[in-house]
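Notes follow once the structure below has been shown.
The values are calculated or read from the model by the stated rules, or taken from the named source; none is laboratory data. Fair warning: this is a prediction, and the values are worked out from it, not measured in the lab. Cβ atoms come from the backbone with ideal geometry, glycine included; neighbour counts cover every protein chain shown. Remember, those area values only see protein heavy atoms, side chains included, never the ligands or the DNA or RNA. Shrake-Rupley method; radii C 1.70, N 1.55, O 1.52, S 1.80 Å.
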Amino acid sequence: IKKVVLSLRKDGIKKTAIKVKNKLKKNGIISSQQNDSILHTVKEEEKTIEDFINQDLRDIQPISTVIVNEGIKRLNFVTDSIEAHSLLGGVATALVIASEFANKYNLPLRIITRTTPVNPLDYENILTLMGIKIPNDISFYTDYDRDAGGNSTYKLEISDQDIFFATSWWSAKAIEKTTLRKRFFYIIQEVETFFYPHGDRHYLCSQVMKNPNIDFIVNSHYLFEYFAENEPNI
C-alpha cells in the first residue's frame, strides 16, 4: 500500500495503475484479458477527468464580442439551451421573467445560448404555452460552436447599453468578462453551492454569490429568507 501511495504522488493515476496491473499479470493474478480491461478503464477515467475540467472552463468562457459605439438599450438573456429537453422549470421561469421584463419596459430581447443552436420556435412554444406575449423586438444568438479558445465565427455586437441576464452561476461568470456595464442581473433559483463538494466548482459558484455587482432575482420567498441569513450579499 505504501508503494502505491508513493507512486500515486510521484507518477499519477495512469502510471500507477499500469504498474499495478503489470505486477498482477506477472504474478499470474490476472489474465491478459483482465489486464486489457483494466488499462481501458484507466484510459476512460483519465478522459472523463480531462473532459470534466475542459467543460468547466468552457462553461465560463466569455462571449466573443465586437463593440459598437452607438448601441441600443437591450436585454440579453444568457443560458445553455432553450431546446425542449432543456426547458425544465428553471429555464422556463427565467425565460418568462426576461420576456415579461422586456414587455413591461419595451426593451428589445436577445436570447443567447451557449451549448446548443438556438431555435426561435423553442422560445415561441414556451411563451405560447405560458400565455405570454412575445416581445416586439426579439433576436437570437449562439456561440455553441466556438473553438477551444472561446472564439466564434460570428461575434456578438454589444455596447455599454446592453443589459445582461444570467441564468446560472457559470453564465454569470461568463457575463462578468463580457458585459461593458458594471452591473447585471442573475436569477438564482437554488442554493447552487449545495450541488458541489468543496472544490473548483464550489469556489467559483460561491464567488458569483458574493459578487456585489450582481442584482439577484430570487425565485421564492423561502429561498430569499435563507439567503438573507446565510448569503447577505444576495
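Summary of values
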item: Residue check, Thr142 in contact with a strand residue (DSSP E or B) (Cβ under 7 Å, 6 or more places away or on another chain), open to solvent by 20 Å² or more (accessible area, probe 1.4 Å) and β-branched (Val, Ile, Thr); result: yes
item: Qualifying residue in the stretch 54-76 (condition: within 25 Å of the chain's Cα centre (by Cα), modelled with pLDDT under 75 and hydroxyl-bearing (Ser, Thr, Tyr)); result: no
item: Leading residue by the ranking (nearest to Val91 (Cα to Cα)) among those in the stretch 120-157 that are in contact with a Ser or Thr (Cβ under 6 Å, 6 or more places away or on another chain) and of a type in the set (D, E, K, R); result: Asp143
item: Pairs where the first residue, in the stretch 134-152, is closer than 19 Å to Ile82 by Cα and the second is of a type in the set (Asp, Glu), C-beta under 7 Å, 6+ apart; result: Ile134/Glu124
item: Only listed residue being open to solvent by 30 Å² or more (accessible area, probe 1.4 Å), of a type outside the set (Lys, Arg) and within 23 Å of Ile97 (Cβ to Cβ), chosen from Tyr196, Tyr226, Tyr203; result: Tyr226
item: Criterion (farther than 19 Å from Asn76 by Cβ and at pLDDT 95 or above) met by exactly one of Phe165, Phe224, Phe216; result: Phe224
item: Residue that is surrounded by fewer than 17 Cβ atoms within 10 Å (Cβ to Cβ), touching a Leu at 6+ places or on another chain (Cβ under 6 Å) and not small (Gly, Ala, Ser), where the choices are Ile63, Ile134; result: Ile134
item: Qualifying positions in the stretch 153-167 - open to solvent by 10 Å² or more (accessible area, probe 1.4 Å) and either free of Cβ contacts under 8 Å to residues at least 60 places away in the same chain or more than 14 Å from Leu109 (Cα to Cα) (or both); result: Thr153, Tyr154, Lys155, Asp160, Thr167
